[in-house]
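Report on the following structure.
The values are calculated or read from the model by the stated rules, or taken from the named source; none is laboratory data. Keep in mind that what you see is a predicted model, and the values were worked out from it rather than measured. In this analysis, Cβ positions are derived from the backbone assuming ideal geometry, glycine residues included, and neighbour counts consider all displayed protein chains. In case anyone asks, the SASA skips ligands and DNA or RNA and just uses the protein heavy atoms, side chains included. Shrake-Rupley method; radii C 1.70, N 1.55, O 1.52, S 1.80 Å.
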Amino acid sequence: MSRYTAVKGMNDILPPDSLRWSRMEEDLRLLAARLNYQEIRTPVVESLELFQRGLGETSDVVQKEMYVFEDKNGNKLALKPEGTAGFKLALKPEGTAGVVRAFIEHSVGIEKPGPHKLFYIGPNFRYERPQKGRYRQFHQFGLEIFGDPTPEMDAELIYAASMILDHFKVKGEIRVNSIGCPACRPAYREKLIEYFRPKAEELCGDCRRRIDSNPLRLIDCKVDAPRDRWNDIPLITDHLCPQCASDFERLKKALAIFHVPFVVDPFIVRGLDYYVKTAFEITADTGGTQNAIAGGGRYDNLVAETGGAATPATGFAIGLERLLSVVPEDFYGMQPLAMGFALFDGGVADLVHLTKHLSHHPVRYMAEYTPRKFKNALQKANKLGARHIFIFGEDEVKNQQVLYKDLATGDQKTFGQHEVMAIVAMLMDKEIRK
RNA sequence: GUGGGUGUAGUUCAAUGGUAGAGCACCGGAUUGUGGUUCCGGCUGUUGUGGGUUCGAGUCCCAUUACCCACCCCA
């Protein structure tokens, strides 16, 4: 064990995993571009207050999972007329709050008409006990749309999520719900409280406490499994106001037109306070119990609550660790490796030349400049998993040639040293046929 | 924050309380410029850390720490 290790819950990404990561990120950017999402990059740190106000003071994330610290210039900032805003800082636990802040700060919604479609990709931080699929530094890719109130846009967003699943050959279940709005949710909440209060004795300790504080989440309790025990639990979908109910119908209709496979799950509850109306989650078998790979919904009031002009908005985020854990192992193939060797000191200069020439082409190649015996060169290439090797021995150098051998088939061939294009063409051809 | 499991070589794992080992990996070799297999040789340890019990602790006890899994919650 080395003296220094990575901080708990924060992981190194090494080859070959790093290749899967960068390819996945590349694909996500391309997919986002198809529906005209443009990238936004916000800082990893924001003021603590932004998250407290945005995500909700009582949310678990804010209450116990934030990485909070004080800015060294805290005192100066505190002297600002606004008061102490900005004094305390936090590593971002999710992506939306910072995007909303930037959207407002730079008047994006004012300078051009909506919808404004943005995507982000990057690290987030939550102070939780790590377990399979849950880490203190984790990464998300998210889409956010500002300035469009329609349920059809929600449907398009969910469609984008399903495109991502399809692209990566992931089998996920898309579950949608409407969680109402400030006009209808409070009444539903009361109904739930009324429903569960008489049953308090039958609930676990956690749930008894949650009856009043968070009855919606109580439904998800795994200890009591309320959904299995009672089939007459009031459903939000039966208590929506006319506007929410109508929007929910439009959402489902549009999803059907997009051919997005989904199920209605009236028990979906989002963990953050800002969601209204459309809420959805995507689950998949990640090998652990953390099977939610993506989630999102509409947040029409957040921009105004953060200090901007009233702007309807909707968005979702996908957890990249979790996504990658369900992307098929062989989804990304590795380009075969080519290697170059010299058999004696006199071949090294020619080997350097080959490296120089091949470096201009998109082949995966590396050389070893310490001369080796023929047999050792083959052994080494094998150990490194190389397929193509180029050899400069005495005969080759004398004739201005290079010996090529395909370690997979055993074929070999001699090229003139100036036939670089022929060599590259051959490598590319083999790659396509692979 | 709560519970459970595991810490021994680079790695995966052994070792009735009695001298810490094996496979893999790595390095070298099996006579001339043809590999993967095989064979031979070599290298590697504060047994996570600190106490305690014992003639003697990798092994038993206590504490501590790290990782893993699960709860809570979420991506």
(Q) Mean-square fluctuation check for chain A, GNM, Cα pairs under 10 Å: which of A:61, A:263, A:276 is largest? (A) A:263
Q: For helix A:374-383, report the angle its Cα long axis makes with the longest principal axis of the Cα atoms of chain A; keep it between 0 and 90° and round to the nearest 10°.
A: 10 degrees
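Taking only C-alpha pairs under 8 Å that are 6+ residues apart, what is the relative contact order of chain A in percent?
14 percent
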Q: Quick one: net charge around residue A:17, please, counting Lys, Arg +1 and Asp, Glu -1 for every other residue with C-beta under 13 Å from its C-beta.
A: -2
Q. Angle, helix A:185-196 long axis vs. longest principal axis of chain A, Cα atoms, 0 to 90°, nearest 10?
A. 80 degrees
Q: Return the whole-Å distance between the Cα centroid of the range A:1-64 and the Cα centroid of the range A:396-434.
A: 43 Å
Q: Pull up the cross-link candidates among the lysines for residue A:191, meaning alpha carbon to alpha carbon under 24 Å and not fewer than 8 places away within one chain.
A: A:199, A:222, A:277
Q) In nanometres, what is the gap between the two model label sites at residue A:14 and residue A:26, each 7 Å from Cα along Cα-to-Cβ? A) 2.3 nm
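Can you give the % of DSSP beta bridges in chain A that are antiparallel, to the nearest 5?
Given both bridge residues lie in chain A, the antiparallel proportion sits at roughly 80 percent.
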Q.
In Å², and per residue, what accessible area does chain A have when probed at 1.4 Å with the other protein chains present?
A. 52 Å²
Q: Among DSSP beta bridges whose residues both lie in the range A:337-433, state the antiparallel percentage, nearest 5.
A: 45 percent
Q: Hey, could you get me the Stokes-Einstein D for the range A:162-276, Kirkwood radius over alpha-carbon pairs, 10 °C and 1.306 mPa s, rounded to whole µm² s⁻¹?
A: 101 µm²/s
Q) What angle, in degrees between 0 and 90 and rounded to the nearest 10, separates the Cα long axis of helix A:242-257 from the longest principal axis of the Cα atoms of chain A? A) 30 degrees
Q) In µm²/s, what is D for the range A:324-402 at 20 °C and 1.002 mPa s, where D = kT/(6 pi eta Rh) by Stokes-Einstein and Rh is the Kirkwood radius from Cα pairs? A) 158 µm²/s
(Q) Just to confirm my numbers, what's the Cα centroid distance between the range A:189-234 and the range A:263-316 in Å? (A) 22 Å
Q | Estimated FRET transfer efficiency (residue A:309, residue A:241; beta-carbon r; R0 22 Å; 0.05) | A | 0.35
Q: Please identify, among A:204, A:181, A:244, the residue showing maximal mean-square fluctuation in a Gaussian network model of chain A using a 10 angstrom Cα cutoff.
A: A:204
Q: Evaluate the distance, in nm, between pseudo-label points positioned 7 Å from the Cα of residue A:382 and of residue A:36 along their respective Cα→Cβ axes.
A: 5.8 nm
Q | Estimated [θ] at 222 nm from DSSP helical runs (n ≥ 4, -39500 (n - 2.57)) normalised by residues in chain A, nearest 500 | A | -10500 deg cm²/dmol
Q: Take the solvent-accessible surface of the protein heavy atoms, probe 1.4 Å, and return the percent of it on chain A that carbon and sulfur atoms account for.
A: 52 percent
Q) When only C-alpha pairs under 8 Å and at least 6 residues apart count, what is the relative contact order of the range A:337-433, in percent? A) 30 percent
Q | Residue among A:231, A:376, A:301 with the largest mean-square fluctuation in a Gaussian network model of chain A, springs linking Cα atoms under 10 Å | A | A:376
Q: Take A:45, A:99, A:326 and sort them by solvent-accessible surface of the protein heavy atoms, 1.4 Å probe, largest at the top.
A: A:45, A:326, A:99
Q. Say each of residue A:232 and residue A:112 gets a label point 7 Å from the Cα, pointing the same way as Cα to Cβ; how far apart are those two points in nm?
A. 5.5 nm
